[in-house]
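A short worksheet on the structure shown next.
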Amino acid sequence: MKLYLYTILILILVMINHGSCDSTIRVGHRVSLAIPLEYNDGFIGRAFLMDYGDDTKQIEPSFRVALSTEANKGKYSCSLEVFLGDVKVWNSGHYSKFYTSDVCFLELTEDGDLQLKGPKNWIGWRTGTSGQGVERLQILRTGNLVLLDVLNQIKWQSFNFPTDVMLWGQRLDVSTWLTSFPRNTTSFYTFEILYNKVALYLNSGRLKYSYWEFKPSKNRNITFVELGSKGLELFDDKHKKMAQIIASWKVQPVRFLALGNRTGNLGIYFYSSTTRKFEASFQALNTTCDLPLACKPYGICTFSNSCSCIRLLTMKNHEVSDCNQRVPSRFCGGGTTQVEMLELNDVVTVLKDAPKRINVTKTTCANLCLNDCKCVAALHSYGDYGDPSSEQCSLFWLVAGIKQVEKGSGLSYMVKVPKGTSYHHNNPSVKKWVLIVVGVVDGLIIILVLGGLVYYLVHKRRNNLQGTNNDT
């Protein structure tokens with residue numbers, strides 16, 4: 001009951017502040033947000049402090065700034081956030097969360113430093129702008145949260161600290177990136193601005209593999225990118241636009257670009273006045289199986305966008321395991337005699353940028369992975385027209401992004417497994433079994449569809465016969 005009352009009080013605080021929002025907070029201003037005494041998973045409390053415009057008088061949502069607290073892993077985090085409508089577009093705790101108890105304070109100090117504090121004035125986050133003549137905190141029409149001096153010069157801005165969203169008018173220089181963190185995994189996604197391309201990456205520990213990229217023509221170098229009304233624009237060192245990712249043919253202007261924390265897909269969004277919500281006018285990846293974590297690490301994404309597992313026998317009771325269950329992520333220390341390569345025909349990985357060797361046979365490729373204890377998978381391609389000199393071998397330290405491809409692709413994906421665990425490995429029909437496993441979900445769907453069609457036709461014919469008998 002106490003926690004329920006806390007929730008109501010915070011919701012009331014949100015509504016009161018939203019009704020009296022301004023676009024500016026001046027030095028000396030301090031606001032507090034109560035933290036629930038008891039932990040409640042899923043709890044979110046927000047006090048809206050500033051906004052740009054008035055949603056009640058606008059067709060499109062406006063920007064709002066909030067002091068927020070959120071339940072996270074048994075504790076409560078406190079952060080400063082920027083919203084476009086209901087979409088969170090910036091968060092002070094995106095990379096490093098500030099955990100506190102009892103209360104959270106936001107203060108723009110007299111010497112111009114914006115701070116988040118907990119009890120006993122413990123500072124959990126700050127802009128580091130003391131002594132720079134800061135006069136006020138303001139939200140601009142672009143959604144850029146800025147600290148300004150008396151001459152309206154920007155001393156700090158949220159645009160310089162990108163999270164997982166890029167707003168219209170925002171610029172990202174080379175060697176900067178957006179980052180998103182999916183739940184229940186240590187892996188994370190990045191959208192990176194490089195000299196020769198912009199690309200999406202899956203990061204796992206120190207490992208990094210790209211899974212989508214866009215390169216300017218003629219090998220021209222990128223200096224910075226900017227989100228314009230029609231899409232993402234790429235500029236050279238003379239500030240001349242040299243390429244563009246066009247978002248859509250739609251009339252509505254682009255509002256933001258986002259890196260999805262669940263899928264890792266890159267999307268560019270506009271506001272639809274018809275549906276009254278933000279919709280994607282561009283997505284880097286248009287099919288589920290092109291996503292790096294569409295399935296579990298040892299799962300295969302099939303043509304029906306469903307996941308099928310590479311089944312292995314466990315050493316204990318010879319039962320079939322599920323996906324990556326009981327499959328070690330590292331094989332160092334056991335020696336090459338304890339492992340073997342399991343070949344999966346007509347299967348590839350969406351991960352790129354792995355170390356590659358040319359003029360390598362499939363057997364040699366497998367041995368290269370077996371002799372490298374950090375290698376967990378290998379991809380072999382037969383090259384053009386069966387030319388042995390164009391055969392290539394890529395070695396991976398991560399198993400992910402596996403998907404089914406058409407037969408005859410000339411690609412062979414091999415995963416490293418403990419010796420004796422591959423299902424029916426000594427059977428000469430291993431390759432056939434793999435194809436059946438990959439297609440088992442698709443096959444079941446086809447059977448169900450055909451079965452339903454047969455049932456419908458029989459049922460319809462029976463009803464027609466009954467109708468005919470009744471007429472006679």
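The values are calculated or read from the model by the stated rules, or taken from the named source; none is laboratory data. From a predicted model like this one, the values you see are computed outputs, not experimental measurements. Ideal geometry is used to build each Cβ from the backbone, glycine not excepted, and the neighbour counts take in all protein chains shown. Note: accessible area is taken over every heavy atom of the protein model, side chains too, but ligands, DNA and RNA are not part of it. Shrake-Rupley method; radii C 1.70, N 1.55, O 1.52, S 1.80 Å.
Observations
- Shown in residue order for the stretch 351-357 are the 3J(HN,Hα) couplings computed by the Karplus curve 6.51 cos²θ - 1.76 cosθ + 1.60 at θ = phi - 60°: 6, 10, 6, 7, x, 10, 10 Hz (x for Gly and Pro).
- Each Cα pair under 8 Å and six or more residues apart adds its separation to the average, and for the stretch 20-161 the resulting relative contact order is 22 percent.
- Dipole-positive endmost among Gln252, Asn196, Ser175 within the stretch 162-286 (Cβ charges, Cα centre): Gln252
- Cβ crowding within 10 Å averaged over residues, with 264-270, 126-132, 404-410 ranked highest first: 264-270, 126-132, 404-410
- Accessible surface of the stretch 20-161 [probe 1.4 Å, protein heavy atoms]: carbon and sulfur percent: 47 percent
- Efficiency of FRET between Thr275 and Lys419 - r from beta-carbon atoms, R0 45 angstrom, step 0.05: 0.25
- Average Cα contact separation per residue, the stretch 158-235, under 8 Å, 6 or more apart, as relative contact order %: 27 percent
- Relative contact order for the stretch 185-310, counting Cα pairs under 8 Å that sit 6 or more residues apart, in percent: 15 percent
- If R0 equals 45 Å, the separation of the Cβ atoms of Thr364 and Tyr95 corresponds to a calculated FRET efficiency of about 0.60.
- Two-site label geometry, Ser409 and Cys332: point separation in nm, points 7 Å out along Cα→Cβ: 3.0 nm
- Computed from the Cβ-Cβ distance with R0 of 22 Å, the FRET efficiency linking Gln244 to Thr142 stands at 0.70.
- Amide H contacts of Leu398: Val376, Ala377, each under 5 Å away and 5 or more positions distant or on a separate chain (H built 1.01 Å from N in the peptide plane; Pro and chain starts excluded).
- Integer Hz, Karplus 6.51/-1.76/1.60 couplings in order for the stretch 162-169, x for Gly and Pro: x, 10, 10, 10, 10, 8, 4, x
- Sum of side-chain charges, Leu167 neighbourhood, beta-carbon under 13 Å (Lys, Arg +1; Asp, Glu -1): +2
- Amide H contacts of Val405 (H built 1.01 Å from N, under 5 Å, at least 5 apart or other chain): Val347, Val348
- Taking a point 7 Å from the Cα of Phe181 along the Cα-to-Cβ direction, the residues of the stretch 89-126 with backbone N closer than 12 Å to it are 92-99.
- Full-stretch length increase - Leu37, Asn152 - with 0.36 nm per residue and alpha-carbon distance subtracted: 37.3 nm
- Summed side-chain charge close to Ile154 - residues other than Ile154 whose Cβ falls under 12 Å, Lys, Arg +1, Asp, Glu -1: 0
- Backbone phi angles across the stretch 187-195, fed through the Karplus curve with coefficients 6.51, -1.76 and 1.60 (θ = phi - 60°), yield HN-Hα couplings of 6, 8, 10, 9, 10, 10, 9, 10, 5 Hz in residue order; Gly and Pro are listed as x.
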